[in-house]
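Participant: I have a structure here, written as structure tokens, and I will follow up with some questions on it.
Derivation of every value follows stated rules applied to the coordinates shown; laboratory data play no part. Computed from a prediction, not measured in an experiment: that's the story for all the values here. Neighbour counts are summed over all protein chains in view; Cβ atoms, including those assigned to glycine, are modelled from backbone coordinates with ideal geometry.
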Amino acid sequence: MHLLRQDIFTGLTAMVVIACALTCMEWLIKNKRLASFWGRKLLHFIAVGTCAVTIYYFQNRVLLGNIFLLFFFILFIVVKKQWLKINEADSYGMAFFPLAFATLLFMPVFRINYILYAALILAISDAVAGLVGEFYGRQKIIFLFEKKSWAGFTAFYLSALLISLCYYSFSPRYILLSIILALLPAITELFSYKGSDNFTVPVFAAVWIALLNPLVQEGHLQTLLLFILLFISLFIVLSVIAVYKKWLTISGAVAACWVALLLLITGGLKAFIVPGIFLISGSLLSKLNKEQKEKEGRNAIQVFANGIIGVLFMISYSLAHEKIYLITAIISFCISMSDSCSSETGVYCKGRTYDILSLKKMQPGLSGGISLQGTLAGLAGAIIISLVGTYVYHLSFSLFCLITLAGFTGMLTDSILGSWLQVKYNTLNNILAETYEPGAIKAKGLTWCDNNAVNLLSNIIITWLFFYILKQIN
């Protein structure tokens, strides 16, 4: 592989700068000359900012992607072994950002200036949000697994807005675009697990600008942007109503807004019909079982477990313009709809329930159980989503049958994984339960594998299986 002198110089300079910054911060923290929090934020800014400069000047993007991937593995081991004091305990954020840049560089659809924008957002906005959230974010909310504050969110958004304005220009033509452009990365930062926002923020910032940038070429840019802002306002109103009605928690409402933003840009108003039917029907069905503990509505984890795969395929459809991604997105929502109808109806009807693997009788409501009423309801849910998707997108009858089959198969797979992998406990009252209670003993399954994990796994497996089948058919 031919190496340009500019690439060699840029790469070596970046490594030296980051190595010096890491060594300096580590020494300062060890000798108690600098607080660990400030050291982490300063190193974050220097390291990611240096990567942004490197991405801009490096000519061979594939080679640079491989270099970032190599450093991901190196830093992952360093964090795993806890060799650095500067790294936050139980956080892999230091390793995630080179993985994000490697991922973006390996995908030609993301231009270098998109990746540079994403790197600047991570370097500046994420650091600013952390600082403001630490000192001014008094009221914190667990949006996914980590506590975040509205103060940090506001700081992230305003700094991202400033970056977006600098990226285009301060011309009135681009102010509305920048207002929208800064929104998705700011929401994305709220949802983090062990530093995962160092991956998700730059990736979705690049995705967002790749989706919105074509609007710049439109003749009626301002009209389109006002239309988008109008619907963003509508999303917020509907989210408040959903929280009030206890269909969604606060974290679930913010996650739903995140999903809605991506659906709007990737598929327009039509993109809301299929997932909208699932969300509304699922929320209404959940109210059938008043005795269940989930009375506050779906949280962010549940929203993502049931919707993230469909959204990712909608993004792929918008970027690649291939219909197979659209059909697979409908399949993903069909699986979620079928499973939701099956589980909620099965619990409500309280019919005879059997473990799908052992065929032994079991109490209704536990994952892995199937009943006649629940199975028929799951099939009905799959048919409804398939019919709607077929009508809205003018699909063939054969695709209607395939989507229905995929949804129903996903429901059955969810039950199989629920019986096989999902953790269950024997309580002190000798009752089998899915959630841990004091004194309970694990009866079966994997500790980390709860209902949300099963929903996500079954959706991934069946969605990708039918994506492969569609590939072979076409």
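Participant: Using the Karplus equation 6.51 cos²θ - 1.76 cosθ + 1.60 (θ = phi - 60°), what ³J(HN,Hα) coupling, rounded to whole Hz, does each residue of region 439-444 give in order, writing x for Gly and Pro?
Facilitator: So the Karplus estimates, Gly and Pro as x, are x, 6, 10, 5, 9, 6 Hz.
Participant: Next question. Tell me the net charge near Lys424. Cut-off is 13 Å between Cβ atoms, Lys424 excluded, with +1 for each Lys or Arg and -1 for each Asp or Glu.
Facilitator: Neighbour charge sum, excluding Lys424 itself: -2.
Participant: Please identify the chymotrypsin sites (Phe, Trp or Tyr not before Pro) of region 133-175 that satisfy two criteria: DSSP loop assignment and at most 13 other Cβ atoms within 10 Å. Which are they?
Facilitator: For chymotrypsin sites (Phe, Trp or Tyr not before Pro) across region 133-175 that sit outside H, G, I, E and B with at most 13 neighbouring Cβ atoms in 10 Å, the list reads Phe145, Phe170.
Participant: Further question: Quick one: which residues, 5 or more positions from Thr353 or on another chain, have an amide H under 5 Å from its amide H? H modelled 1.01 Å from N in the peptide plane, none for Pro or chain starts.
Facilitator: It is Met362, by chain and number.
Participant: Here is a follow-up. State the percent of C-alpha pairs, over all pairs in region 268-474, separated by a distance greater than 29 angstrom.
Facilitator: 23
Participant: Nearest-5 percent of antiparallel DSSP beta bridges in the chain?
Facilitator: 85
Participant: Over the C-alpha atoms of the chain, what are the Rg and the largest Cα-to-Cα span, Dmax, in Å?
Facilitator: 23.8, 72
Participant: How many angstrom separate the Cα center of region 430-474 from the Cα center of region 93-115?
Facilitator: Between the Cα centre of region 430-474 and that of region 93-115, the gap is 30 Å.
Participant: Report the FRET efficiency, 1/(1 + (r/R0)^6), for Trp420 and Lys194, where r is their Cβ-Cβ distance and R0 is 25 Å, rounded to 0.05.
Facilitator: That gives a FRET efficiency of 0.40.
Participant: Summing -39500 (n - 2.57) over the DSSP H runs of n ≥ 4 in the chain and dividing by its residue number, what mean residue ellipticity at 222 nm do you reach, to the nearest 500 deg cm²/dmol?
Facilitator: Dividing the helical sum by the residues of the chain leaves -23500 deg cm²/dmol.
Participant: What angle do you read, to the nearest 10 degrees and between 0 and 90, between the alpha-carbon axis of helix 197-212 and the longest principal axis of the chain?
Facilitator: Between helix and principal axis, roughly 90 degrees.
Participant: Here's something else I'd like to know. So which of Lys323/Lys360; Lys246/Lys360; Lys41/Lys246; Lys30/Lys194; Lys350/Lys442 end up more than 31 Å apart by C-alpha?
Facilitator: Lys323/Lys360; Lys246/Lys360; Lys41/Lys246
Participant: Under 17 Å Cα to Cα from Lys245, which lysines show up? Leave out anything in the same chain fewer than 8 places away.
Facilitator: Hits, sequence-local ones excluded: Lys287, Lys290, Lys293, Lys295.
Participant: So how much slack lies between Glu88 and Lys360, counting 0.36 nm per residue of separation and subtracting their Cα-Cα distance, in nm?
Facilitator: 93.2 nm
Participant: Same structure again: Determine the relative contact order of region 268-474: mean sequence separation of Cα pairs under 8 Å and six or more apart, normalised by residue count, in whole percent.
Facilitator: 21
Participant: Return the sequence-ordered ³J(HN,Hα) values of region 60-73 in whole Hz as given by the Karplus equation 6.51 cos²θ - 1.76 cosθ + 1.60 applied to θ = phi - 60°, using x for Gly and Pro.
Facilitator: 8, 5, 5, 4, 5, x, 5, 5, 4, 5, 4, 5, 4, 5
Participant: Continuing with this model, one more query. Dipole of region 1-63 (Lys/Arg Cβ +1, Asp/Glu Cβ -1, origin at the Cα centre): which of Cys24, Ala47, Ala35 lies farthest to the positive side?
Facilitator: Of the candidates, Ala35 comes out farthest on the positive side.
Participant: Which one, Gln363, Gly346, Ser398, is farthest towards the positive end of the dipole of region 288-422 when Lys and Arg carry +1 and Asp and Glu -1 on their Cβ?
Facilitator: Sorting the options by dipole projection puts first Gln363.
Participant: Note the angle between two axes, namely the Cα long axis of helix 221-244 and the longest principal axis of the Cα atoms of the chain, as a number of degrees from 0 to 90, rounded to the nearest 10.
Facilitator: With both axes taken from Cα atoms, the answer is about 50 degrees.
Participant: If you don't mind, another one. Using the count of nearby Cβ atoms within 10 Å as a rough guide to exposure, how do Val128, Val240, Val78 rank from fewest to most?
Facilitator: If I rank by nearby Cβ atoms, fewest first, I get Val240, Val78, Val128.
Participant: Which of Val240, Ile331, Val62 sits farthest toward the positive end of the charge dipole of the chain, with +1 on the Cβ of Lys and Arg and -1 on the Cβ of Asp and Glu?
Facilitator: So the residue furthest toward the plus end is Val240.
Participant: Quick one: Cα centre-to-centre distance for region 217-260 and region 1-34, in angstrom?
Facilitator: Going from one Cα centre to the other spans 42 Å.
Participant: GluC sites (Glu not before Pro), restricted to region 99-192: which are DSSP loop and have at most 12 other Cβ atoms within 10 Å?
Facilitator: The qualifying sites: there are none.
Participant: What relative contact order, as a whole-number percentage, does region 75-156 give when Cα pairs under 8 Å and 6 or more residues apart are counted?
Facilitator: It comes to 20 percent, rounded to a whole number.
Participant: Given H placed 1.01 Å from N in the peptide plane, which residues other than close sequence neighbours of Lys444 have an amide H under 5 Å from its amide H?
Facilitator: Lys424
Participant: Percent relative contact order of the chain, based on C-alpha pairs within less than 8 angstrom and at least six residues apart?
Facilitator: Relative contact order, the chain: 10 percent.
Participant: Another question, then. Please report, in debye to the nearest 20, how large the charge dipole of the chain is about its Cα centre when each Lys and Arg carries +1 at its beta carbon and each Asp and Glu carries -1 there.
Facilitator: Dipole of the chain, to the nearest 20 debye: 620 debye.
Participant: Filter the trypsin sites (Lys or Arg not before Pro) in region 62-109 to those in DSSP coil with at most 15 other Cβ atoms within 10 Å of their Cβ, and list the result.
Facilitator: Lys81, Lys85
Participant: Using each residue's phi in region 338-350, evaluate 6.51 cos²θ - 1.76 cosθ + 1.60 at θ = phi - 60° and report the 3J(HN,Hα) Karplus result to the nearest Hz, with x for Gly and Pro.
Facilitator: Along region 338-350, the couplings run 4, 5, 4, 4, 5, 5, 5, 5, x, 5, 5, 6, 6 Hz.
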